């Protein structure tokens with residue numbers, strides 16, 4: 001049996017209870033809603049993109065400790081990143097939680113990738129992987145301009 | 001009456017031998033299967049299987065006999081007057097869709113009303129919502145009161161000569177509340193409305209007598225009653241069924257087909273197009289026999305006693321909120337822990353070997369009304385005992401501890 005404390009690490013409980021950047025952006029350049037119809041979790045991701053950079057990112061919604069912490073940590077690492085960097089972080093994170101082939105990220109992003117590491121415990125809980133990826137899928141949908149479409153998850 | 005012995009019964013369920021230490025508290029979603037059902041279905045395939053109602057050969061006749069005996073067994077189980085009122089379907093969902101899609105367009109017109117309760121499972125809500133949208137009718141939702149009980153007075157006030165159908169659950173799959181079906185039927189009939197009862201949660205755990213209930217349709221699923229998945233039953237009054245047009249069409253449900261037109265069989269065959277779930281019906285009969293061999297009064301007494309024990313045990317856990325706490329209820333307990341999402345509770349419970357269901361339980365309108373995303377739901381079967389409830393309570397305590405650090 002896996003130790004549950006590997007899944008519910010202190011940092012996850014902290015971000016789950018006190019999510020950062022938990023607010024709407026009044027005039028976002030991009031936004032999308034993520035919805036997991038299986039559990040009813042909902043997240044709305046807001047972005048202000050300036051040129052190629054994520055100037056501001058926030059979220060609102062309701063969900064379990066995992067999805068709330070995942071959204072909170074996502075907003076922390078994404079601020080100030082270029083879109084290419086954001087995509088690279090998601091690609092690696094996605095591979096880590098779904099058991100795909102994990103690629104390297106640029107040296108400048110290693111610290112951010114490290115910040116997301118506590119969430120990768122969900123890999124051992126297949127029913128919970130979608131909780132960790134829901135906000136990221138919403139982020140991706142926002143970039144694609146999928147205004148309010150429900151996003152796909154694992 | 002000797003009380004039921006869950007520990008002895010558990011030996012009849014192979015899943016327990018193959019999953020030592022399992023605490024299974026999700027029978028409300030689907031019950032485990034006794035060896036009598038598993039082996040009986042296999043034996044039927046080994047000895048007596050062929051397509052039904054077609055062959056002139058003996059094997060097909062034996063298969064047909066088994067299939068039709070299952071129909072008669074189901075009639076007896078529900079105390080229905082006529083075996084031709086028993087229609088085999090995939091499950092309660094299909095049973096309700098059959099009525100909504102066959103009876104509905106024929107008898108519901110613009111301005112009419114259909115009444116459901118806010119406790120309904122999506123399967124007894126969405127088919128009516130769609131029928132109303134299609135016909136320009138109105139879906140009226142009868143509320144539960146503040147304590148989670150069905151509000152008979154509010155319900156009565158919603159009825160009128162426009163009401164054509166009342167679709168109501170027998171036992172709530174979210175709160176376990178038992179609805180006063182006899183009274184509901186009486187009030188609805190007074191206005192000339194029909195009543196369909198969703199019996200999914202009632203069938204495996206209490207005596208059900210459609211004549212005593214007085215309802216017009218009764219829908220249930222085999223898999224929640226220790227039978228196979230993929231088989232269910234619609235019971236309907238014969239004169240109502242006889243006035244309903246075919247739903248799905250094809251083989252087995254016709255008397256004559258020409259290039260110009262088709263004549264259809266009488267019920268029940270009119271509503272059973274195509275090769276039915278033959279082994280499913282055989283398995284359902286074995287499951288109903290299994291229930292009868294224990295006795296439905298004994299099952300109800302056992303689950304009622306265990307429900308009371310669970311309410312008492314869970315109520316003592318701080319920060320635990322039990323839904324519809326004061327209601328007369330059976331075998332289904334929904335709760336939340338302050339500040340902890342049901343999905344997180346479910347994962348922790350699973351790590352302690354306790355299988356419960358978490359989420360909205362296909363009852364989003366009720367979740368919205370209560371302002372919650374979902375609940376943790378424990379539901380009982382004949383194999384559960386006080387040890388299971390103690391293990392559940394201990395796992396819930398462990399969950400509180402983990403999230404309070």
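Rule-based calculations on the coordinates, nothing more; no lab input. What you are looking at is a predicted structure, and each value in this text was computed from that prediction instead of being measured. Reconstructed Cβ throughout: ideal geometry from the backbone, glycine too, with neighbour counts over all protein chains shown.
Between the helical axis of B:126-135 and the dominant principal axis of chain B, each derived from Cα atoms, what acute angle in degrees is found, rounded to the nearest 10?
Value to nearest ten degrees: 50.
From Cα pairs below 8 angstrom and at least 6 apart in sequence, can you work out the relative contact order of chain A, rounded to a whole percent?
Once divided by the residue count of chain A, the mean separation gives 30 percent.
Would you calculate a helix-derived [θ] at 222 nm for the protein assembly as shown, using -39,500 (n - 2.57) for each DSSP H run of n ≥ 4 and dividing by the full residue count, to the nearest 500?
-12000 deg cm²/dmol
Using only alpha carbon pairs under 8 Å that are at least six residues apart, calculate the relative contact order of chain B and give it in whole percent.
For chain B, the relative contact order is 23 percent.
Using label points projected 7 Å from each Cα along Cα→Cβ, tell me how many nm separate residue B:401 and residue B:5, to one decimal.
So the two model labels end up 3.5 nm from each other.
Quick one: among A:50, A:41, A:112, which has the greatest mean-square fluctuation in a GNM of chain A with alpha-carbon springs under 10 angstrom?
Result for chain A, Cα springs under 10 Å: A:50 fluctuates most.
At R0 = 45 Å, how high is the FRET efficiency between residue B:211 and residue A:83 if r is their beta carbon distance? Nearest 0.05 is fine.
0.10
Under the classification rounded if a/c is under 1.5, otherwise prolate if a/b is larger than b/c and oblate if not, where does segment A:4-142 fall, given a ≥ b ≥ c as square roots of the Cα gyration tensor eigenvalues?
It comes out oblate by the Cα gyration axes.
Please compute the modelled spin-label separation between residue B:83 and residue A:50, points set 7 Å along Cα→Cβ, answer in nm with one decimal.
For the pair residue A:50/residue B:83, the computed spacing is 8.1 nm.
For chain B, modelled as a Gaussian network with Cα springs under 10 Å, which listed residue fluctuates most, B:308, B:280, B:199?
B:308
I need the calculated FRET efficiency for the pair residue B:305 and residue B:126, taking r as the beta carbon distance and R₀ as 35 Å, to the nearest 0.05.
Efficiency, rounded to the nearest 0.05: 0.50.
Using only the Cα atoms of segment B:38-292, build the gyration tensor, take square roots of its eigenvalues as a ≥ b ≥ c, and label the shape rounded, prolate or oblate: rounded if a/c is under 1.5, else prolate if a/b is larger than b/c, else oblate.
It is oblate, given that a/c is not under 1.5 and a/b is not larger than b/c.
Sort B:130, B:244, B:165 so the one with the fewest other Cβ atoms within 10 Å of its own Cβ comes first.
B:130, B:244, B:165
Return A:8, B:45 ranked ascending by Cβ neighbour count within 10 Å, so the fewest neighbours appear first.
B:45, A:8
Could you give the Stokes-Einstein D for segment B:141-217 in µm² per second, using the C-alpha Kirkwood radius, 10 °C, 1.306 mPa s?
After rounding, the answer is 125 µm²/s.
Could you check which residue among B:359, B:274, B:232 shows the biggest mean-square fluctuation in a GNM of chain B with a 10 Å Cα cutoff?
B:274
List, largest first, the extents of the alpha carbons of the protein assembly as shown along their principal axes, each in whole Å.
77, 57, 54
Nearest 10 degrees is fine. How inclined is helix B:278-294 to the longest principal axis of chain B, computing both from alpha carbons?
50
Kindly put B:134, B:62 in sequence by how many other C-beta atoms sit within 10 Å of each C-beta, fewest to most.
Fewest to most other Cβ atoms nearby, the residues stand as B:134, B:62.
Within segment A:1-40, what residues put their amide N at less than 15 Å from the label point 7 Å along the Cα-to-Cβ vector of residue A:124?
Inside the label zone: A:1-10.
Once both labels are modelled 7 Å past Cα along the beta-carbon direction, what's the residue B:369-residue A:27 spacing in nm?
4.3
Where in segment B:94-109 does the amide nitrogen come within less than 11 Å of the point 7 Å from the Cα of residue B:248, taken along Cα to Cβ?
Of the residues in segment B:94-109, B:94-95, B:98 have backbone N under 11 Å from the label point off residue B:248.
In degrees, nearest 10, range 0 to 90: what is the angle between the Cα axis of helix B:58-78 and the longest Cα principal axis of chain B?
Roughly 60 degrees, rounded to the nearest 10.
Under the rule a/c < 1.5 gives rounded, and otherwise a/b versus b/c splits prolate from oblate, where does segment B:249-360 land using the Cα gyration tensor?
Prolate, since a/c reaches 1.5 and a/b exceeds b/c.
Taking 0.36 nm per intervening residue step and subtracting the Cα-Cα distance, what contour gain separates residue B:16 from residue B:261 on full extension?
Separation in residues times 0.36 nm, less the Cα-Cα distance, equals 82.8 nm.
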